[in-house]
Amino acid sequence: MAIIEVLEPERSRPSTPPSSDQHLIDRTLDGDLTAFENLVARHQDVVFRVASRIVGPDQAQDVSQDAFLRAFHRLPRFRGESSFRTWLLQITQNAAINELQRARRRETDPENGAEPVDSDHRRQPASELERREREQRLEHKLRLLRDDYRSLLVLRDLEGLSYSEIAEVLEMPLGSVKGRLHRAREELIDLLRRNTYDWELPK
């Protein structure tokens, strides 16, 4: 990732293990952009997964890049009160929600036409097509949920974050996380049960 600006170095910080996120953060703040590239390499997979499951795979790369750029420029404000990953996923989630809002505005644009047919899609084996179509239907169902419900399901059930980590990412009280996650799961199951042929869920 090309970064244009170089942050002003700070004079002194306590020593940290060279393999830790904090060590890479310290080096970045001292002007070492390679250190930030290492942070990107370390966390880009989880950032892309979270972005993809919130906005869909087509916009996930743009959201991921936006999240890392925001993280870079906000790095001087990172105080280590939570893990860097949790802080970064909070930025990712906010960037993804912003993209969803922009997408909804674009949907009202009458110039938006139907997407072209993917010729490669037709040439794939039947089993791969079925798997891909099921994933796309699941992503479609997720997009029918409220934004906060979708984020809760992605962070907890797909990424395995703890309740306390989710509370930090979504800036939500811990009790609200548990209650809303329960409602989000119920709503998703209800959506999936409307097509039990695809999902084989009990009635």
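A few notes on this one:
- Unique residue being more than 21 Å from THR34 (Cβ to Cβ) and of a type in the set (A, V, I, L, M, F, W, C) when the list is ALA96, ALA71: ALA96
- Any hit, the stretch 107-118, residues being part of a helix (DSSP H, G or I) and either under 28 Å from ALA184 (Cα atoms) or at pLDDT 85 or above (or both): yes
- Test: LEU29 is of a type in the set (A, V, I, L, M), farther than 22 Å from LEU158 by Cβ and touching a helix residue (DSSP H, G or I) at 6+ places or on another chain (Cβ under 6 Å): no
- Here the condition is being modelled with pLDDT of 90 or more, under 21 Å from VAL63 (Cβ atoms), out of contact with any Phe, Trp or Tyr (no Cβ under 6 Å at 6 or more places or on another chain) and not charged (D, E, K, R); of GLN101, GLN90, it holds for GLN90 alone.
- Within the stretch 38-56, the set of residues being in contact (Cβ under 8 Å) with a residue 60 or more places away in the chain and either farther than 19 Å from SER151 by Cβ or surrounded by fewer than 19 Cβ atoms within 10 Å (Cβ to Cβ) (or both) comprises VAL46, ARG49.
- ASP26 being in contact (Cβ under 8 Å) with a residue 12 or more places away in the chain and of a type in the set (D, E, K, R): yes
- Scanning the stretch 175-203 for residues that are modelled with pLDDT under 90, under 20 Å from LEU158 (Cα atoms) and in contact with a helix residue (DSSP H, G or I) (Cβ under 7 Å, 6 or more places away or on another chain) yields LEU188, LEU191, LEU192, ASP198, TRP199, LEU201.
- Residue that is in a helix (DSSP H, G or I), at pLDDT below 90 and under 12 Å from ILE54 (Cα atoms), where the choices are LEU153, LEU142, LEU129: LEU142
The values are calculated or read from the model by the stated rules, or taken from the named source; none is laboratory data. Small disclaimer: the values here were computed from a predicted structure and weren't measured. Cβ atoms come from the backbone with ideal geometry, glycine included; neighbour counts cover every protein chain shown.
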